[in-house]
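Here is the structure we will look at, set down as structure tokens.
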Amino acid sequence: MNLRIWCVGLSLLAATEALAADKITKETFGHGGTTRTYYLYVPESVTSASPAPLLVLLHGSGRNGLTLAEPWKDLAKKQGIILAGPDAITSAGWNMGPDGPAFLSALVDVVSAQHPVDPRRVYLFGHSAGAVHALVLGLLESQYFAAAAVHAGALPPEVYPYIARAPRKIPLAIWVGTNDAFFPLKAVRATRDALVAEKLDVKLTEIGGHTHDYYGSASGINREAWDFLKPHALDADPVFTKYEVRQ
């Protein structure tokens, strides 16, 4: 009887440890003289024998990294995707200074130092303010990120001149609702047209009757976004471009 109780207890302990390992964890690291927070999910299937893709998640205004990591977790578990959802320096939105290329590169380095990340398959996904940031960062670091997919975002017209400067035609995909009050179709289509004019591969999906609400349709959007992202990989080791940030 005692042996049976011990075996049952051991089984429960193993189950508890497995559940604990299957959680999104809150992590921190130092960057730019401050402590930065991000939310990490590493599927149990990820091993050093087979480096995994890394998806960097950029949240919307008033949110944090956890609010994107949670909707992506189930798909990441099935597909073997490492998730990293950083918090912007302020919840109001992303700032190109403290939240720019150097910050995201540092985040990727931190995650890669602890987990087997495939450096040629690091992707961006963003919603709303995070979508805008992902589109801009994808252009600035087109030789670093393999591809980017976003929901409800568009490029500000003042960013259009940077499209031609991207050294690699990074694959981009945008999902937007036809009833999105924050990113009207006219603005999103203008972004698509500006990108296509510079020979970038852009997929635009207009969702009929859909609003700005990502969370109510996240599972479907995420599946489509991953179907777009997963075939893309850099042809060579990633190249990170350093920029001078003017204060």
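The values are calculated or read from the model by the stated rules, or taken from the named source; none is laboratory data. The shown structure was predicted, so the numbers you read here are calculated from the model rather than taken from an experiment. FYI the Cβ positions are ideal-geometry reconstructions off the backbone, even for glycines, and counts take in every protein chain you see.
Yes or no: segment 206-223 includes at least one residue that is within 21 Å of H59 (Cα to Cα) and basic (K, R).
yes
Is it the case that segment 158-181 has a residue that's in a loop (DSSP other than H, G, I, E, B), farther than 18 Å from A233 by Cβ, among the hydrophobic types (A, V, I, L, M, F, W, C) and within 21 Å of the chain's Cα centre (by Cα)?
No; the residues of segment 158-181 include none that is in a loop (DSSP other than H, G, I, E, B), farther than 18 Å from A233 by Cβ, among the hydrophobic types (A, V, I, L, M, F, W, C) and within 21 Å of the chain's Cα centre (by Cα).
Residues of segment 31-44 being at negative phi and touching a helix residue (DSSP H, G or I) at 6+ places or on another chain (Cβ under 8 Å), which ones?
Residues satisfying the conditions are H31, R36, Y38, Y39, L40, Y41, P43, E44.
Would you mind finding the one in A92, A88 that is of a type outside the set (K, R), at pLDDT 95 or above and out of contact with any Cys (no Cβ under 9 Å at 6 or more places or on another chain)?
A88
Out of curiosity, is L137 surrounded by 15 or more Cβ atoms within 10 Å (Cβ to Cβ), modelled with pLDDT of 95 or more and more than 20 Å from H59 (Cα to Cα)?
For L137, the condition - surrounded by 15 or more Cβ atoms within 10 Å (Cβ to Cβ), modelled with pLDDT of 95 or more and more than 20 Å from H59 (Cα to Cα) - is not met.
Pick from V136, V159, V188: which is touching a strand residue (DSSP E or B) at 6+ places or on another chain (Cβ under 8 Å) and of a type in the set (V, I, T)?
Being touching a strand residue (DSSP E or B) at 6+ places or on another chain (Cβ under 8 Å) and of a type in the set (V, I, T) holds for just one of V136, V159, V188, which is V188.
Looking only at segment 62-76, which residues are assigned to a helix (DSSP H, G or I) and either closer than 19 Å to E27 by Cα or at pLDDT below 95 (or both)?
L66, T67, L68, A69, E70, P71, W72, K73, A76
For segment 191-208, name all the residues that are touching a strand residue (DSSP E or B) at 6+ places or on another chain (Cβ under 9 Å) and either β-branched (V, I, T) or part of a loop (DSSP other than H, G, I, E, B) (or both).
Once the filter is applied, which keeps residues that are touching a strand residue (DSSP E or B) at 6+ places or on another chain (Cβ under 9 Å) and either β-branched (V, I, T) or part of a loop (DSSP other than H, G, I, E, B) (or both), segment 191-208 yields T191, V196, L200, D201, V202, T205, I207, G208.
In segment 107-116, what count of residues is obtained for those that are farther than 17 Å from G65 by Cβ and either at pLDDT below 95 or surrounded by 15 or more Cβ atoms within 10 Å (Cβ to Cβ) (or both)?
Of the residues in segment 107-116, 2 are farther than 17 Å from G65 by Cβ and either at pLDDT below 95 or surrounded by 15 or more Cβ atoms within 10 Å (Cβ to Cβ) (or both).
Name the residues in segment 90-106 that are crowded, with 17+ Cβ neighbours inside 10 Å and in contact with a helix residue (DSSP H, G or I) (Cβ under 8 Å, 6 or more places away or on another chain), would you?
G93, W94, D99, G100, P101, L104, listed by residue number.
So which residues in segment 79-107 are touching a residue at least 12 places away in the same chain (Cβ under 8 Å) and more than 22 Å from L139 (Cα to Cα)?
Q79, G80, I81, I82, S91, A92
Would you mention how many residues in segment 58-82 are under 14 Å from the mean Cα position of the chain (by Cα) and farther than 21 Å from D213 by Cβ?
Count: 3.
Would you pick out the residues in segment 225-247 that are surrounded by fewer than 18 Cβ atoms within 10 Å (Cβ to Cβ) and not in a loop (DSSP other than H, G, I, E, B)?
Scanning segment 225-247 gives a single hit, D227.
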